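So the structure is just underneath, and the comments pick up after that.
Please treat every number below as a calculation from the coordinates, not as lab data. Note that the coordinates shown come from a computational prediction; the quantities given were computed from them, not determined experimentally. Cβ: placed from backbone, ideal geometry, glycine included. Neighbour counts: every protein chain shown.
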Amino acid sequence: MKKTTFINILLSLIVIAGTFLILESVIEDKFITQTPVKFHFALPAGLAVLAQSSKSERLPEDYIAIAGDSYAQGKGDWILQIDPNTNAAFNSGHVLHDLTGKDVISFGKSGASNIKGWVREPIARYQFIKRNIEPDLQEPDIILAYFYAGNDLLENVLQIKEDFISEFGQDNINNDQAWNDFFLEIIKKRKTGPFSGIDSNTGWFPRAVFKIIKHELKEKKVGEELGDIHIRVTGKVNAVRVNGKEVKIPDALQSPALELSEKETDLGFMAAKRSLAYLQKFFKNSKIVVVYLPSVIESYAKVSDKVSTSNIIAEDPTKSIEIHTSEELMQRSDEIAGRVKQMSESLDIPFIDTRPDIREASKKQIIHGPIDWKHFNKAGYTVLAESIYAGLEKNNILPENKNQTSSVQQ
């Protein structure tokens, strides 16, 4: 290759790289909140927080943060129904933004245990933004720690067995230092920038373009990135009463940890409490509030005499679907909610139980599905946010409200 040809190629590459960096800076500073929802998956985890539209500007100020799993992230039918070419509202954070007048961001991550949802995700992403995007970013005024009864305890148990014990051993299950080291390790390992092992936000734009092109070449549907699009057929066992009529809903739904033994339940709560305490210790200037989100089947006030629930950890595949009585379901619901409240109060953290409001709403309409029966639909997320708002006001946690009614209509 001639020297002049090499120089020309090098200059071309420099120009291309420079153009990408200029575009990256401009888009991040001026247009990041206009990123279409269908492209959020291509953004690095840290920057994706700033793309959220449940706030007034690019950077949140005097804000509420939501921590948790896919319910905190906002998966469900609402996101499947919006125009994916826009950055429209689709979760409880958007409703809370309208109700409170405050900026709201979500650190939610689908499939997260309390260990990941309350520790790894919020801390790793917050630290990334502070280090690489906005050093003056303040801690949230309020952090809503979503506890989803449907699988949080189960995810805690699985992560302890798969990650904690394999690293620190069974003998250290109650060792404070081991848990502290474990939390530090999972936070450090979380990839929040565009490239693994590099603590920088530079280069996210070409990386995002590459991911989008790869996504388009695979001809993936938008729904595959936004939610669970596996349609659940109407079941034979589960039924709920809506507007005075019996309505059949899918079987094998998530329950308030009915699949866990007493020992496994205790283990799950041990991890939850340690995670909550670590979150509280890290965000010293934030008001932590625990929010109880009922599992799908316990969200309805009146259910069939028998209920069909899922058990994904059953050793015998033929027992992956369990049958319980409605009485057992409601007793377990009260037990788990009671223990979450007790855990919260032991750390002097306010607790909001959204079950009464959610069950009242479900008397009038189905609040899950009809496509994604693992999560709330628009009506479900709206009543969830309204219940949280009422709880914050009741506990005198919110400053004077700037906006009395939600602009998000059911």
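Apply the Karplus curve 6.51 cos²θ - 1.76 cosθ + 1.60, θ = phi - 60°, to the phi angles in segment 76-86 and return the couplings in whole Hz, x for Gly and Pro.
Result, rounded to whole Hz: x, 5, 4, 5, 6, 9, 6, 6, x, 7, 10.
Longest exposed-loop-site-free stretch of the chain, with GluC sites (Glu not before Pro), DSSP loop and at most 10 other Cβ within 10 Å?
After excluding every exposed loop site, the longest remaining stretch is 58-218.
Sequence gap at least 6, Cα distance under 8 Å: using those rules, report the relative contact order of the chain to the nearest whole percent. Working shown, then result.
Numbers: 718 pairs, mean separation 87.9, N = 410.
Reported as a whole number, the value is 21 percent.
Would any residue of segment 115-129 have its amide N under 12 Å from a label point 7 Å out along Cα→Cβ of L347? List them or say none.
115-120, by backbone N distance to the label point.
How much length is gained on full extension from E246 to K363, taking 0.36 nm per residue of separation minus their Cα-Cα distance?
Values: separation 117, 0.36 × 117 = 42.12 nm, distance 1.06 nm.
Stretched out fully, the E246 to K363 stretch lengthens by 41.1 nm.
How much length is gained if the chain between D83 and E185 is pulled fully straight, taking 0.36 nm per residue apart and subtracting their Cα-Cα distance, in nm to one decimal? Please list the in-between numbers first.
On the way: separation 102, 0.36 × 102 = 36.72 nm, distance 3.85 nm.
Full extension from D83 to E185 adds 32.9 nm.
When you have a sec, figure out the Kirkwood radius of segment 51-191 from all distinct Cα pair distances and drop it here in Å to one decimal?
16.3
Name the long-range amide H neighbours of Q254: under 5 Å, sequence gap of 5 or more, or other chain; modelled H, no Pro or chain starts.
Placed amide hydrogens put V296, I297, S310 under 5 Å from Q254.
What pairs from K75/K245; K374/K394; K30/K130 go past 24 Å between their alpha carbons? Mind dumping the intermediate values first?
Numbers: K75/K245 28 Å; K374/K394 29 Å; K30/K130 18 Å.
The answer is K75/K245; K374/K394.
Nearest 10 degrees is fine. How inclined is helix 262-282 to the longest principal axis of the chain, computing both from alpha carbons?
Rounded to the nearest ten degrees, it is 40.
Kindly state, to the nearest 0.05, the FRET efficiency for D62 paired with S25, given R0 = 25 Å and r defined as their beta-carbon distance. It would help to have the intermediate numbers written out before the result.
Values: r = 26 Å, r/R0 = 1.05.
Here the calculated transfer efficiency is 0.45.
Measure out, as a whole number of angstrom, how far apart the alpha-carbon centroids of segment 377-397 and segment 67-127 sit.
Cα centres, segment 377-397 to segment 67-127: 15 Å.
Rounded to the nearest 0.05, what FRET efficiency do T234 and K281 give with R0 = 51 Å and r taken as the Cβ-Cβ distance? Could you check?
On the way: r = 46 Å, r/R0 = 0.91.
Once the sixth-power term is evaluated, E becomes 0.65.
Apply the a/c threshold of 1.5 to the C-alpha gyration tensor of the chain and tell me whether it is rounded, prolate or oblate.
Numbers: a/c = 1.62, a/b = 1.51, b/c = 1.07.
Prolate shape, in that a/c is at least 1.5 and a/b is the bigger ratio.
Straight-line reach from K218: which aspartates and glutamates have a Cα under 20 Å away, not including same-chain ones fewer than 8 places off?
Of all the aspartates and glutamates, those that pass the test against K218 - Cα under 20 Å, at least 8 places apart if same chain - are D228.
In the chain, what % of DSSP beta bridges are antiparallel (nearest 5)? Don't skip to the end; give the middle numbers.
On the way: 11 of 29 bridges.
Within the chain, antiparallel bridges account for around 40 percent of the total.
In nanometres, what is the gap between the two model label sites at K263 and S326, each 7 Å from Cα along Cα-to-Cβ?
Modelled inter-label distance: 3.5 nm.
Would you please give the FRET efficiency between K306 and D334, computed as 1/(1 + (r/R0)^6) with r the Cβ-Cβ distance and R0 = 22 Å, to the nearest 0.05?
On the way: r = 19 Å, r/R0 = 0.86.
Rounded to the nearest 0.05, the efficiency is 0.70.
For K287, enumerate residues with amide H under 5 Å from its amide H, sequence gap 5+ or separate chain, H modeled in the peptide plane.
I142, I143
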